[in-house]
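Report on the following structure.
The values are calculated or read from the model by the stated rules, or taken from the named source; none is laboratory data. All values derive from a computational prediction rather than experimental measurement. Cβ coordinates were reconstructed from backbone atoms using ideal geometry, including for glycine residues, and neighbour counts include every protein chain displayed. The protein model used for the area step is the full one, side chains on, heavy atoms only, and it has no ligands, DNA or RNA in it. Shrake-Rupley method; radii C 1.70, N 1.55, O 1.52, S 1.80 Å.
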Amino acid sequence: MQLTVPQLDFWAIAPVLAMTLTGCAVLVADLFAPPRRGHTFLALISLIGLAITAALSLAIWDYNQPAAFAGTVAADNFGQFFNLLFVLIVAVTVLLSHEQLERDEFHPGEYYTLLLFSAAGMMLMAGAGDLIMVFLGLELLSISLYILAGFSRRRLESEEASIKYLLLGSFATGFLLYGIALVYGSTGSTNLGCVAQALGNRSQFASAACPTALGASAGVPAMLLAGIGLLIVGLGFKAAVAPFHLWTPDVYEGSPTAVTAYMSVAAKAAAFAAILRVFLIAFPSLVSDWSGMLAVIAIMTMVVGNTVAIAQQNIKRLLAYSSIAHAGYILVAVVAATSLGVQSVLFYTLAYTLMNLGAFAVVILLGRRGEENVMLADYAGIGYRQPFLGLAMTVFMLSLAGIPPTAGFFGKFYIFSAAMQAGQYGLAVLGILASVISVYYYLRVIYLMYMVEPSRDLGAPAPAPWATAAAGIAVVGVVLLGLFPQVILDWTLASIGFMG
Amino acid sequence: MQGVPLLSILIFLPLVGALLAMAIPRENERLLRGWAMVISLLVFIVSIPLWFAFDPGNADFQFVERVPWVTSLGIAYQVGVDGISLLLVLLTTFLMPIIFLSATTSIQRRVKEFVVLLLVLETAMLGTFLALDLFLFYVFWELMLVPMYFLIGIWGGPRRIYAAVKFFLYTMAGSVLMLLAIIGLYFLSDTSASGSGRTFDFLTILRTPVPSVWQPWLFAAFALAFAIKVPMFPFHTWLPDAHVEAPTAGSVVLAAVLLKMGTYGFLRYCLPLFPEAVVAAVPLIALLSVIGIIYGALVATMQRDMKKLVAYSSVSHLGFVMLGLFALTPESMQGSLLQMVNHGFSTGALFLLVGMLYERAHTRMISDFGGVARLMPVFAGFFLLVMFSSAGLPGTNGFVGEFLIMVGTFQAPTLGLQPHAIIAGLGVILSAVYLLWMYQRVMQGPVKGPGGVAPGAGNHGGSPGEADHPVHLQDINPREVMILVPLAIMILWIGLYPKPFLDRTAASVTRSGERVAAITGGTLVAGAR
């Protein structure tokens, strides 16, 4: 047997390496961290590592190596866009966790390490050139998140969240793996480019050693379609789309709020990156088969997320259902499967990241030692007692609801433009009407803050400069992105080269 | 005035004022109120040159400014003014100082938030009227909802939250479909394969006729958004709630300016963009308008709450405006445009008057009052004038508008709207009925006040004399006279000499109706008189 050593192009994975090494550095530094200031020390190391990761991602912008490491890793602008997004997500999460770690006496070393490792997993998913790599990245992400969800060990809900996430998540991973197996069985490869070639499309992502193409007469085997369906289940679980969303509210409610914030944006972004990669590289010729499935899922997701959110009394559950709904909007753009559609997914993911992290930052800032204060009634009168928090939350709610001039509005506008261009008029109308439903519950948060007298005193807020900074960054980001989207639009336009 | 970005200054001055107002400490209410007056007066002063520098003979947009915004999607910041928006812009800038002046007493808490929100609202309103880019238009259009939502929700009456949320959801539900239609227009603006010429630029979109297949759909989406905003029967149910719960300042803005957004939208966008669909929709819209006129008037007649009465009278009056617009004759359309302005003055004034009475007596129930004219003669005088204007009596502005609308509607033979015009005429009579009846009950007869009888009895009934009148209804003070005089002047000016107003609107209205006229075969000639 002849063993060929693939060309090792470490530049292509430089950002992932940096992220992983940062995680290791934090793990080691934890041993030497001063016991008192340990939080800050480790947070600073994480932030420095994230800055290096971002710099490396920018350095290999336009590097375009579609089939590094024998086709398992693709280093293109699409991957770099998501790498930068993940860096942003982790950085903001580090900021908004800082006070909560102190308040709830979490051990900071493992916390930051797991955050960074999960981010490495997400980067592998976004840069995957092979279904196996998608699987590995997803596992790295998931296992880190299972632990993070249970980080608040003294709270039963947190443990419940962790176990629930683990059990259901393992099932979903099983579906994904089975889907990969069926795809392999019907096309002879797990490499995305090779799968595409097997189906009769030329692909820049194909590794050198692709098996021969299927015969033209073979048609589309049912096994392949089943495999695609299972891939949708596996990735849809991570993206929290209906009907694979049932874990979401419980896990979001039980997890420490900072972790909830993180997974509500990170896991979703990674899942959508993987969905775009897999479906647009491997199965572009079957778009009529999978876009129908995704359209149905998108409608269910938007309707379920938005209607169930109305009934929630707990802000974390409300944001959980809202995050389900937002996954639905993003799916609308995936269904469009055009270059405009992919661009709008990228833009919306960024917009959603900023507004959702911001909203959770406010939730964290409203918590007190030993009390999370996550019931909606706790928000009464906040607009006057803590004017900055009220204003920030108003901006985030309006943005989530899609009111101009915010990032959320422009994102929705972009997504529905893509749907209209692709002729998905029905989907666009349903989606935009579903977003009107969402206005109701977002407005409820606003009127509680400004138009209802507080029922009880939450106590004076402890100073929380880190989390406040996170909220501030998010407010500025949401407004700037809404007013001047052109810069990011240029980036998204430069990131869709992988569509061929 | 060459080179001065007059319209941008107009749009963003209030916003800058609002941002600076955020820096003023909330305890310093006098400074906040003064600041709001200064800014709103400044905006009005900036808008005056528009009236004089505007070229009435030119149907094109004037003072156009264009700055690229989101270039990859063909979105630009583009503003301009024509005869259709000119009067509405001036109406807005004219009313804002009056509203701030009236709020001196009616808004007592959270003054800072009030000032900031109302100034932001002014930016949004002016932006909506002046935008010449569909994306920009939509941004301003939606932006209007937020401050209005807070105005109703924070300073409103007992059911304010219900009213605020209903207002927001209703309008939002209508306008999101318009967003899809706007996106549709964007893709239709360049149907070539590359699509590089696609744009949201209204002027370009105007030059590319919308294909007939698309017109009904896009028109329906636009029309729904505008019809809810107007509001047309049967989409009017949010209006009474919003009006009754809103503070006086909110009601005035809502009635005088926000409702005009709907009718303005029909005239600005629907008529020139979707002429075939418009002509096809005439029977339906004319019917709904007439139903609105009669229904609004009948319901107004039965109201016990003065504010609700005025709210329903708005439904009736805007039915006239809609009828005039869709009669598609130059007279009726011009009359409609003028009537939009008239309604702003007269209904705005009515809400202010009811607000003044409410501040004194803390009730708006008609049955709580009687003989007020004897206690407040000056107030009663203004009330009478405004009422005549609202009922369309000759010599007031309401007459000119309604007359033009009905003449125009009658002259639209190809569309067969004579019956509508006749029924609308009944609406005028009904408006006199409910207004005069209210006047009679509130202003005349034996003096009566809330609580009715001597202290201790605690219910209505009996026939109390002046001696045991439980509240002191003092006549209006100089500040309140200052609020009402400008409105009275406008009512009489337009009523007696409307020519300067009609001159400035004629060319643009004709232009807006050209494509429709080409279908109906009517000839639109400039100038109604």
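Within segment B:359-386, the set of residues being surrounded by 18 or more Cβ atoms within 10 Å (Cβ to Cβ) and either under 21 Å from residue B:249 (Cβ atoms) or among the polar types (S, T, N, Q) (or both) comprises B:360, B:361, B:364, B:379, B:382, B:383, B:386. Of all residues in segment A:392-413, those satisfying the criterion of being among the hydrophobic types (A, V, I, L, M, F, W, C) and either more than 16 Å from residue A:449 (Cα to Cα) or touching a residue at least 60 places away in the same chain (Cβ under 8 Å) (or both) are A:392, A:395, A:396, A:400, A:401, A:403, A:407, A:409, A:410, A:413. Of the residues making up segment B:301-312, at least one is open to solvent by 10 Å² or more (accessible area, probe 1.4 Å), hydroxyl-bearing (Ser, Thr, Tyr), more than 15 Å from the chain's Cα centre (by Cα) and at pLDDT below 95. Return yes or no: is residue A:293 within 23 Å of residue A:233 (Cβ to Cβ) and under 20 Å from the mean Cα position of the chain (by Cα)? In short, no. Within segment A:415-436, restricting attention to residues that are touching a helix residue (DSSP H, G or I) at 6+ places or on another chain (Cβ under 6 Å), facing chain B (nearest Cβ under 9 Å) and of a type in the set (Val, Ile, Thr), the residue that is surrounded by the most Cβ atoms within 10 Å (Cβ to Cβ) is A:432. Any idea which residue in segment A:448-492 is least open to solvent (accessible area, probe 1.4 Å), counting only those that are modelled with pLDDT under 90 and within 14 Å of chain B (Cβ to nearest Cβ)? Here the answer is A:451.
Considering segment B:39-78, and only residues there that are of a type in the set (Phe, Trp, Tyr) and more than 14 Å from chain A (Cβ to nearest Cβ), the residue that is nearest to residue B:344 (Cα to Cα) turns out to be B:44. Is it the case, given these coordinates, that residue B:120 is open to solvent by 10 Å² or more (accessible area, probe 1.4 Å), more than 21 Å from residue A:413 (Cα to Cα), under 19 Å from the mean Cα position of the chain (by Cα) and within 12 Å of chain A (Cβ to nearest Cβ)? The answer is yes for residue B:120.
Residue count for segment A:393-412 under the criterion of being buried (at least 24 other Cβ atoms within 10 Å of the Cβ) and either at the interface with chain B (Cβ under 7 Å from one of its Cβ atoms) or not in a helix (DSSP H, G or I) (or both): the result is 5. Scanning segment B:1-21 for residues that are at pLDDT 90 or above and either of a type in the set (D, E, K, R) or open to solvent by 70 Å² or more (accessible area, probe 1.4 Å) (or both) yields B:12, B:16, B:19, B:20. Please determine, by comparing only the residues of segment A:61-98 that are of a type in the set (S, T, N, Q) and under 30 Å from residue A:4 (Cβ atoms), which one is most open to solvent (accessible area, probe 1.4 Å). The extreme case among them is A:64.
State all residues of segment B:26-68 that are within 30 Å of residue A:385 (Cα to Cα) and either outside any loop (DSSP other than H, G, I, E, B) or open to solvent by less than 50 Å² (accessible area, probe 1.4 Å) (or both); if no residue qualifies, say none.
Within segment B:26-68, B:29, B:30, B:31, B:32, B:33, B:34, B:35, B:36, B:37, B:38, B:39, B:40 qualify.
Applying the condition of being in contact with a Gly (Cβ under 9 Å, 6 or more places away or on another chain) and β-branched (Val, Ile, Thr) to segment B:230-246 and asking which residue is most open to solvent (accessible area, probe 1.4 Å) yields B:244. Only one of the listed residues (A:157, A:105) is among the acidic types (Asp, Glu) and not in a helix (DSSP H, G or I). That residue is A:105. Of all residues in segment B:188-216, those satisfying the criterion of being open to solvent by less than 30 Å² (accessible area, probe 1.4 Å) and either among the small types (Gly, Ala, Ser) or part of a helix (DSSP H, G or I) (or both) are B:189, B:195, B:202, B:205, B:215. Mind checking whether some residue in segment B:149-158 is in a loop (DSSP other than H, G, I, E, B), surrounded by fewer than 23 Cβ atoms within 10 Å (Cβ to Cβ) and touching a residue at least 60 places away in the same chain (Cβ under 8 Å)? Yes. Tallying residues that are open to solvent by 30 Å² or more (accessible area, probe 1.4 Å) and within 14 Å of chain A (Cβ to nearest Cβ) within segment B:101-112 yields 3.
Of the residues examined, residue B:74 is not one that is within 21 Å of residue B:43 (Cβ to Cβ) and touching a Phe, Trp or Tyr at 6+ places or on another chain (Cβ under 6 Å).
Would segment B:143-163 turn up any residue that is over 30 Å from residue B:364 (Cβ atoms) and in contact with a Gly (Cβ under 8 Å, 6 or more places away or on another chain)? Within segment B:143-163, one or more residues are over 30 Å from residue B:364 (Cβ atoms) and in contact with a Gly (Cβ under 8 Å, 6 or more places away or on another chain). Residues that are within 14 Å of chain A (Cβ to nearest Cβ), modelled with pLDDT of 90 or more, surrounded by fewer than 24 Cβ atoms within 10 Å (Cβ to Cβ) and outside any helix (DSSP H, G or I) do not occur anywhere in segment B:79-100. Considering segment A:374-388, and only residues there that are open to solvent by 10 Å² or more (accessible area, probe 1.4 Å) and more than 12 Å from chain B (Cβ to nearest Cβ), the residue that is nearest to the chain's Cα centre (by Cα) turns out to be A:374.
Among the residues here, residue B:331 does not qualify as acidic (Asp, Glu) and surrounded by fewer than 20 Cβ atoms within 10 Å (Cβ to Cβ). Restricting attention to segment A:481-496 and to residues that are in a helix (DSSP H, G or I), farther than 15 Å from residue A:58 by Cα and touching a residue at least 24 places away in the same chain (Cβ under 8 Å), the residue that is farthest from the chain's Cα centre (by Cα) turns out to be A:483. Listed conditions (1) closer than 17 Å to residue B:432 by Cβ; (2) assigned to a helix (DSSP H, G or I) are all met by residue B:354, apart from (1). The combined condition, being within 13 Å of chain A (Cβ to nearest Cβ), closer than 20 Å to residue B:15 by Cα, in contact (Cβ under 8 Å) with a residue 24 or more places away in the chain and among the hydrophobic types (A, V, I, L, M, F, W, C), is not fulfilled by residue B:178. The helices (runs of 4 or more DSSP H) located wholly in segment A:224-326 that include 2 or more residues which are touching a helix residue (DSSP H, G or I) at 6+ places or on another chain (Cβ under 6 Å) and open to solvent by 10 Å² or more (accessible area, probe 1.4 Å) occupy A:248-254, A:287-310.
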